[in-house]
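Q: Mind looking over this structure? Questions follow.
The values are calculated or read from the model by the stated rules, or taken from the named source; none is laboratory data. Everything quoted here is computed from the prediction, not taken from an experiment. Note that each Cβ is placed from the backbone with ideal geometry, even for glycine, and that neighbours are counted across all protein chains shown. Just the protein is used for accessible areas: all its heavy atoms, side chains included, with ligands, DNA and RNA removed. Shrake-Rupley method; radii C 1.70, N 1.55, O 1.52, S 1.80 Å.
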Amino acid sequence: MWRGPCEPPPASSDCCKRTFSSSPCNTMKCLRKPRTRTAAFLPLCLLFWEILQAGHGHLYNNSYAGDKVIRLTPNTEEEANALKKIYHQLKVDLWQPSSISYVSKGAVTDVHVPQNGSQALLAFLQEANIQYKVLIEDLQNTLQKASSLRTQRNRRYLSGYNYEVYHSLEEIQNSSLNKTHSGLIHMFSIGKSYEGRSLYVLKLGRRSQTYKRAVWIDCGIHAREWIGPAFCQWFVKEALLTYRSDPTMRKMLSHLYFYIMPVFNVDGYHFSWTSDRFWRKTRSRNSRFRCRGVDANRNWKVKWCDEGASMHPCDDTYCGPFPESEPEVKAVATFLRKHRKHIKAYLSFHAYAQMLLYPYSYKYATIPNFSCVESAAYKAVNALRSVYGVQYRYGPASSTLYVSSGSSMDWAYKNGIPYTFAFELRDTGHFGFLLPEVLIKPTCTETMLAVKNITMHLLKKCP
């Protein structure tokens with residue numbers, strides 16, 4: 001028997017098991033549909049959920065109340081060394097760069113400071129006469145506002161999946177794209193994460209009996225970079241919707257397969273929704289330390305745990321106990337090794353910096369096919385800029401961003417994939433990891449053009 005229009009769903013309902021920090025439950029999925037008068041009851045249902053959500057209190061247990069995000073640039077090496085020391089003392093969360101070791105003269109630093117340390121840091125900066133700018137005054141308030149907007153925007157799409165909001169892991173994996181376009185897409189698992197979650201990959205392309213080259217795309221290798229998984233979903237959606245109307249997309253799907261991993265670091269991404277919005281690493285345990293997780297982009301067998309990676313389990317750039325120690329990294333590496341004869345491009349999506357990077361990341365050196373790769377990058381950033389005028393820097397990761405060892409991009413290149421790129425999506429720090437949902441569409445729209453350009457470059461058989 002159908003329950004009343006504003007009666008909560010049964011306690012066993014899947015969507016009602018979600019924590020309050022996840023996206024709001026889809027009312028139409030929680031409630032059994034009435035035979036009549038559905039539309040009339042809908043406003044009452046929405047009102048009920050608004051009251052219910054309000055009663056849940058603060059996101060992430062209000063743990064970011066009073067926290068600030070501060071941008072500063074040391075002008076001398078003395079200032080840089082002093083900042084490193086106080087960063088260690090205050091246990092800050094570096095947003096840019098990813099490690100304290102990268103803090104140096106002239107390098108822009110975005111730092112998330114807890115409430116109990118912000119006064120000490122600000123006092124130090126003023127006394128040392130180091131210029132700074134507060135990017136986010138109260139992190140908790142910013143998170144609350146974003147969550148409220150997400151609830152409102154989701155309501156407008158009760159009848160379908162909204163690609164212009166961020167989605168929890170469960171919502172992403174339950175998306176029905178693979179069911180509604182079965183002729184072009186196939187979903188499968190390549191393994192399990194540390195916590196036992198499936199590692200799903202979407203194979204996209206027109207089926208063929210003949211040999212086809214392939215492109216690998218992954219998003220969300222770092223948990224807190226939510227715009228990455230948003231783009232992977234956007235790419236799949238656009239490919240399926242425009243396959244018949246867009247000649248470029250039709251050519252791409254006819255001549256290539258795309259292997260797309262919407263969320264690489266599934267455990268970390270889930271944790272960033274339920275417990276710590278700014279979690280970066282995986283969620284594996286360490287036998288000797290209480291700190292959990294490994295940087296999944298420092299865990300690959302290419303100059304593993306060298307410059308730009310940390311051997312300490314509590315650091316955000318911890319390389320792990322050994323290469324491919326993380327089941328997520330191991331699963332992807334195994335898949336890429338198995339299919340490397342036909343995978344010709346590897347694209348990984350990160351945030352934030354507005355950069356398009358290519359090898360090498362672990363050393364200052366020119367790759368053998370530099371001319372071809374550099375040309376593809378140049379055309380891609382120009383195509384991206386043509387949409388909204390957003391500027392991206394491009395170049396070798398080591399000189400354009402910083403030196404880092406054990407990255408997936410370098411590993412893919414070293415293992416025979418000639419086109420390997422890492423995108424650092426919007427923005428350059430004003431919002432940082434909290435890129436507003438209103439910017440998902442423009443970010444993904446411009447990035448689509450860049451990916452199309454790289455893909456078409458590949459089809460031209462550039463050596």
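Q: Sort out which residues of the stretch 102-132 are within 13 Å of GLY66 (Cβ to Cβ), open to solvent by 40 Å² or more (accessible area, probe 1.4 Å) and within 29 Å of the chain's Cα centre (by Cα), and write them in order of number.
A: Within the stretch 102-132, GLN115, ASN116 meet the criteria.
Q: Criterion first (in contact (Cβ under 8 Å) with a residue 40 or more places away in the chain and closer than 15 Å to GLY228 by Cβ) does GLY308 satisfy it?
A: No; evaluated as a whole, the condition is false for this residue.
Q: Enumerate the pairs (first residue in the stretch 137-153 and on the phi < 0 side of the Ramachandran plot and modelled with pLDDT under 90; second residue anywhere and surrounded by 14 or more Cβ atoms within 10 Å (Cβ to Cβ) and not in a helix (DSSP H, G or I)) with beta-carbon separation below 6 Å, excluding pairs fewer than 6 apart on the same chain, so at least 6 apart or on different chains.
A: Every condition considered, the pairs that remain are ARG150/VAL165; THR151/PRO24; ARG153/VAL165.
Q: Then there's this: Give me the residue from the stretch 362-390 that is assigned to a loop (DSSP other than H, G, I, E, B), closer than 28 Å to TRP95 by Cα and in contact (Cβ under 8 Å) with a residue 60 or more places away in the chain and, out of that set, least open to solvent (accessible area, probe 1.4 Å).
A: TYR362
Let's see how each residue does on (1) surrounded by fewer than 17 Cβ atoms within 10 Å (Cβ to Cβ); (2) at pLDDT 95 or above:
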| position | (1), (2) |
| --- | --- |
| ASN174 | yes, no |
| ILE190 | no, yes |
| GLU195 | yes, yes |
| LEU202 | no, yes |
| THR210 | yes, no |
| ILE217 | no, yes |
| ARG224 | no, yes |
| PRO229 | no, yes |
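Q: Quick one: in the stretch 99-123, which of the residues that are in contact (Cβ under 8 Å) with a residue 40 or more places away in the chain and among the hydrophobic types (A, V, I, L, M, F, W, C) is nearest to GLU77 (Cα to Cα)?
A: The selected residue is VAL108.
Q: Among the candidates THR248, THR282, single out the residue that is touching a Gly at 6+ places or on another chain (Cβ under 6 Å) and either assigned to a helix (DSSP H, G or I) or in contact (Cβ under 8 Å) with a residue 12 or more places away in the chain (or both).
A: THR282
Q: Give me the residue from the stretch 239-273 that is open to solvent by less than 40 Å² (accessible area, probe 1.4 Å) and among the β-branched types (Val, Ile, Thr) and, out of that set, farthest from TRP216 (Cα to Cα).
A: THR242
Q: Same structure, new question: So which residues in the stretch 321-342 are out of contact with any Pro (no Cβ under 9 Å at 6 or more places or on another chain), of a type in the set (A, V, I, L, M, F, W, C) and buried (at least 24 other Cβ atoms within 10 Å of the Cβ)?
A: Passing the criteria: only VAL332.
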